[in-house]
Amino acid sequence: MSDIQHAIEEMFSERSAACPCCGATLSPETLRDLLRRAAQHQQERQSFHRLSPGAGGMLIDPHAHMIARTTDDYEAMAASGVVAVIEPAFWLGQARTNVGSFIDYFSTISGFERFRAAQFGIRHYCAIGLNPKEANNRELADAVLDILPRYLGKEGVVALGEIGYDEQTELEDWAFRAQIELAQEFDLPIMIHTPHRDKKRGAKRTMDTLEACGFDPARCVIDHNNEETVQEVLDRGYWCAFTIYPSTKMGNDRLAAIVERYGPERIIVDSACDWGVSDPLAVAKSARIMAAHGLDEAAIRQVVYHNALAVYGLNGEMSEADWLEPAPVDQRTLYGGNSVLRGQAPRVDQDNPDRIV
């Protein structure tokens, strides 16, 4: 028993106490639980601070839907060590009704969002594609596939995605195969969305389809994995990514256990933060938890940094020099006449003249 635990036992034993903040009753059991959480948090903090800048201070979140996040999230991510994010095309939560809405969306994640991230010291890249959930409207999907090529060669586009299966319909299969061909034509890696339901069968079908189309597994990230899918994904040569959600898909401790079991090769961690309950700091927290589990610094660095850079850097649009030799942040810069500020004093890392992009 620690000194603090012993003190609590002596002070309270089986007695209750009033919380000084809200007046609620704190039982000895509640106090012990608070103490346990505080000790765990302290252990995680100490583990995190033992990491060198390469493992704990430089992170990539390779799947983050930042269009749904606030500038506070960018600031917090930068403070946690995130130097780069990749934003894949995504279902907005409500069905789009015409191809023009896709054009505006693709333009935003490859344009303004890239500018907005840079204003907070983060490099922003994106993946462009037709999400499988939206492939089931054949007429609209045809129109989207027609306009995809105008975006796939744009600056900052590092992959085609996220694509794959959702309900595993025939229309989803048609759109998936069509986009595999586009990825081959544009020499782009692929980011795969695995189904939320019937995930194991969906992951297997995804890989079967990729292989039938002759796509190199070393250029493909299968995301949203869990314990049921990881073995086959790694055995078949794909990059195996895990989404850390607060309650679903994959948790930090479960991820650490997977890295302990399988090693860090071809394993990637991301937040997939979006408009739902999600955590833009999931990658940083995963690094801390892996350290608390005793994983060595090199393994952690591989999972939270190197692996994402290796696969998403294949087409040359994403380079370590982008954040090691960055342009200085100048929040006086405007995008289409607009600023990210709302009356705040601008951050200016270097005294540059006002620029308009």
- Can you tell me which residue in region 195-217 is farthest from ASP142 (Cα to Cα), limited to those that are of a type in the set (A, V, I, L, M, F, W, C) and not in a helix (DSSP H, G or I)? PHE215
- Message: Just to check your reading of the model, which residue among LEU324, LEU334 is surrounded by 14 or more Cβ atoms within 10 Å (Cβ to Cβ), farther than 20 Å from THR194 by Cα and aliphatic (A, V, I, L, M)?
- Response: LEU334
- Given the residues CYS240, CYS273, which is the only one that is in contact with a Lys or Arg (Cβ under 8 Å, 6 or more places away or on another chain), open to solvent by less than 50 Å² (accessible area, probe 1.4 Å) and assigned to a loop (DSSP other than H, G, I, E, B)? CYS273
- For ILE222, state whether it is within 14 Å of the chain's Cα centre (by Cα) and at pLDDT 95 or above. yes
- Query: Could you list, in sequence order, the residues of region 128-140 that are assigned to a helix (DSSP H, G or I) and touching a residue at least 12 places away in the same chain (Cβ under 8 Å)?
  - Reply: PRO132, LYS133, GLU134, ARG138, LEU140
- Note on the structure: Listed by first then second residue, the pairs whose first member lies in region 292-313 and is farther than 22 Å from PRO217 by Cα, whose partner is open to solvent by 50 Å² or more (accessible area, probe 1.4 Å), with beta carbons under 6 Å and at least 6 positions apart or on separate chains, are ALA292/GLN43
- Across region 169-194, which residue is least open to solvent (accessible area, probe 1.4 Å) among those that are free of Cβ contacts under 8 Å to residues at least 60 places away in the same chain and part of a loop (DSSP other than H, G, I, E, B)? THR194
- Filter region 282-313 for residues that are touching a strand residue (DSSP E or B) at 6+ places or on another chain (Cβ under 8 Å) and hydrophobic (A, V, I, L, M, F, W, C) and give the result. ALA282, VAL283, ALA284, ALA287, VAL303, VAL304, ALA308, LEU309, VAL311
- Item | Residues of region 288-310 satisfying the condition of being open to solvent by less than 20 Å² (accessible area, probe 1.4 Å) and either part of a loop (DSSP other than H, G, I, E, B) or farther than 25 Å from PRO189 by Cα (or both) | ILE289, MET290, ALA291
- Message: I'd like to know if region 338-345 contains one or more residues that are open to solvent by less than 30 Å² (accessible area, probe 1.4 Å) and modelled with pLDDT of 95 or more.
- Response: no
- Quick one: which of ALA95, ALA89, ALA143, ALA159 is of a type in the set (A, V, I, L, M), free of Cβ contacts under 8 Å to residues at least 60 places away in the same chain and either within 24 Å of GLY202 (Cα to Cα) or touching a strand residue (DSSP E or B) at 6+ places or on another chain (Cβ under 6 Å) (or both)? ALA95
- Identify, please: which residue in region 78-115 is in a helix (DSSP H, G or I) and of a type in the set (Asp, Glu) and is, among those, surrounded by the fewest Cβ atoms within 10 Å (Cβ to Cβ)? ASP104
- Among residues of region 346-357, those that are modelled with pLDDT under 90 and basic (Lys, Arg), counted: 1
- Scanning region 195-219 for residues that are open to solvent by 10 Å² or more (accessible area, probe 1.4 Å) and of a type in the set (A, V, I, L, M), the one nearest to the chain's Cα centre (by Cα) turns out to be ALA218
- Message: Taking the criterion of being over 24 Å from PHE176 (Cβ atoms) and surrounded by fewer than 17 Cβ atoms within 10 Å (Cβ to Cβ), would at least one residue in region 116-139 satisfy it?
- Response: no
- Query: Taking the condition surrounded by fewer than 24 Cβ atoms within 10 Å (Cβ to Cβ), without any contact (Cβ under 8 Å) to a residue 24 or more places away in the chain, within 19 Å of the chain's Cα centre (by Cα) and in a helix (DSSP H, G or I), does ASP72 pass?
  - Reply: yes
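The values are calculated or read from the model by the stated rules, or taken from the named source; none is laboratory data. All values derive from a computational prediction rather than experimental measurement. Virtual Cβ from ideal backbone geometry, glycine too; neighbours counted across all protein chains shown. Quick note on the areas: whole protein, heavy atoms, side chains included, nothing else; ligands and nucleic acids left out. Shrake-Rupley method; radii C 1.70, N 1.55, O 1.52, S 1.80 Å.
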